[in-house]
Amino acid sequence: MVGMTDRPPFSPVIALLTVSAVWDAQFGAALKEAGLTTRKYGLLAHIQATPGISFSELARRSQITVQTAHTAVRTLVDDGLASDATAHAGTASDLRVTEKGIRALELADARLAELDASFARGAPVLTRALEGLHEEPFGLDLRVSRPTDEHDPD
C-alpha cells in the first residue's frame, strides 16, 4: 500500500495518457480552426483516402459502429464537408469529400504538421518510439473491443 508520503510507482500507461490528453487538447484547438473535431477529421481523412468507401469499412477503420458512422457522415454532409451521391435506403453509398472538406483537411493537416514538429523537437526519443504503434499497438486487435451493431445496414 502506498503511504501518504510515498509516491506511486511510475506507470508508463498513466504517463502516456497524461501526455496524450495534453496533445489531444492541442490538436482539438487546431482542428477547431478548420471547423473540425478529431472524429470528423478522422472520418474525412478515411473518406478522402478511399473515395466511395462503404459505411461498414469506414466504421471498421474508425473503430465505431456502422450506426455511428451513418450519424457522423450525416453531420459531415450537413456541414458541407462530404457528400453521398447515392444516399438511398438499400443502395450502396458513394462517399466523397467536398471542396469545402478538402480545404478543411488541408488546414487541419498543416496544423497537425506544426504540432508534430513541436512534439518531435520536445521529445525526439518518444517520437521515434511511437512510430508504427498506431497501426499495431503491441499486437492488440483493437476491433475486439469495438461495439457491434445488431444489423449492418451497409
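With +1 assigned to the C-beta of every Lys and Arg and -1 to the C-beta of every Asp and Glu, and no other charges, what is the dipole magnitude of segment 37-130 about the Cα centre in debye, to the nearest 20?
Using Cβ point charges on Lys, Arg, Asp and Glu, segment 37-130 gives about 280 debye.
Per residue of segment 40-45, what does 6.51 cos²θ - 1.76 cosθ + 1.60 with θ = phi - 60° give for ³J(HN,Hα)? Whole Hz please, x for Gly and Pro, Karplus curve as stated.
4, 4, x, 5, 4, 4
Round to the nearest 0.05 the FRET efficiency obtained for Thr127 and Gln48 when R0 = 25 Å and r is the Cβ-Cβ distance.
0.50
Kindly list the residues of segment 28-52 that lie in the label zone of Arg96, defined by a backbone N under 17 Å from the point 7 Å along the Cα-to-C-beta vector.
44-52
With a/c under 1.5 counting as rounded, go ahead and sort segment 37-130 into rounded, prolate or oblate using the C-alpha gyration tensor (a ≥ b ≥ c being the square roots of the eigenvalues; past the cut-off, prolate if a/b is larger than b/c, else oblate).
Because a/c hits 1.5 or more and a/b exceeds b/c, segment 37-130 counts as prolate.
Note down the nm distance, to one decimal, between modelled labels 7 Å out along Cα→Cβ at Thr37 and at Arg74.
Label-label distance for Thr37 and Arg74, simple model: 1.4 nm.
Points 7 angstrom from Cα along the Cβ direction at Ala21 and Ser56: gap in nanometres?
Label-label distance for Ala21 and Ser56, simple model: 3.9 nm.
Take Ser118 and Arg7, extend 7 Å from each Cα along the Cα→Cβ direction, and tell me the distance between the two endpoints in nm.
2.6
Rule-based calculations on the coordinates, nothing more; no lab input. Model, not experiment: these values are computed from the prediction. All Cβ positions, glycine included, derive from the backbone under ideal geometry; neighbour counts span all protein chains shown.
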